[in-house]
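Here the structure comes first, spelled out in structure tokens, and everything after it is commentary.
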Amino acid sequence: MKIESLVRLLAGSMTLLSVALVYFVSPWWLLLTCFVGLNLIQSAFTGFCPPSLVLAKLGWLDDTGTIHWGGRR
């Protein structure tokens, strides 16, 4: 899986989670949706992406941007 696909998966999941939390808990959870959207926008301009940093620290991300779950082989 490429890092771009994972970022889209995480962003979509967090957005759907925040919608459920808004419906069942509190409208303040819309701030999570705003955070996800702002993070996607800044990532498009700067290339800085927190999930890629975490995967790189774990050793699961190679130089081509491909994720190797559980580490490189």
Item to check | Accessible area per residue, Å², the chain with all protein chains present, probe 1.4 Å | outcome: 75 Å²
Checklist outcome for this item: Rounded to the angstrom and largest first, Cα extents along the principal axes for the chain equal 44, 27, 17
Checklist outcome for this item: Farthest towards the positive end of the dipole of the chain, among S26, L38, S52 and with Cβ unit charges of +1 on Lys and Arg and -1 on Asp and Glu, lies the Cα of S52
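Note down the magnitude of the dipole of the chain about its Cα centre, charges +1 on Lys and Arg C-beta and -1 on Asp and Glu C-beta and zero elsewhere, to the nearest 20 debye.
Details: 5 positive and 3 negative charges, 31 e Å.
In debye, rounded to 20, the chain gives about 140.
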Checklist entry - Modelled label-to-label distance, V54 and W29, 7 Å Cα→beta-carbon offset: nm? => result 1.9 nm
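Ignoring ligands, DNA and RNA, what percent of the accessible area of the chain is carbon or sulfur (1.4 Å)?
On the chain, the fraction of accessible area on carbon and sulfur atoms equals 73 percent.
The values are calculated or read from the model by the stated rules, or taken from the named source; none is laboratory data. All of these numbers come straight from a predicted model, not from anything done at the bench. We place every Cβ from the backbone using ideal geometry, glycine too, and count neighbours over all the protein chains shown. Just so you know, the surface numbers come from the protein's heavy atoms only, side chains and all, with ligands and any DNA or RNA stripped out. Shrake-Rupley method; radii C 1.70, N 1.55, O 1.52, S 1.80 Å.
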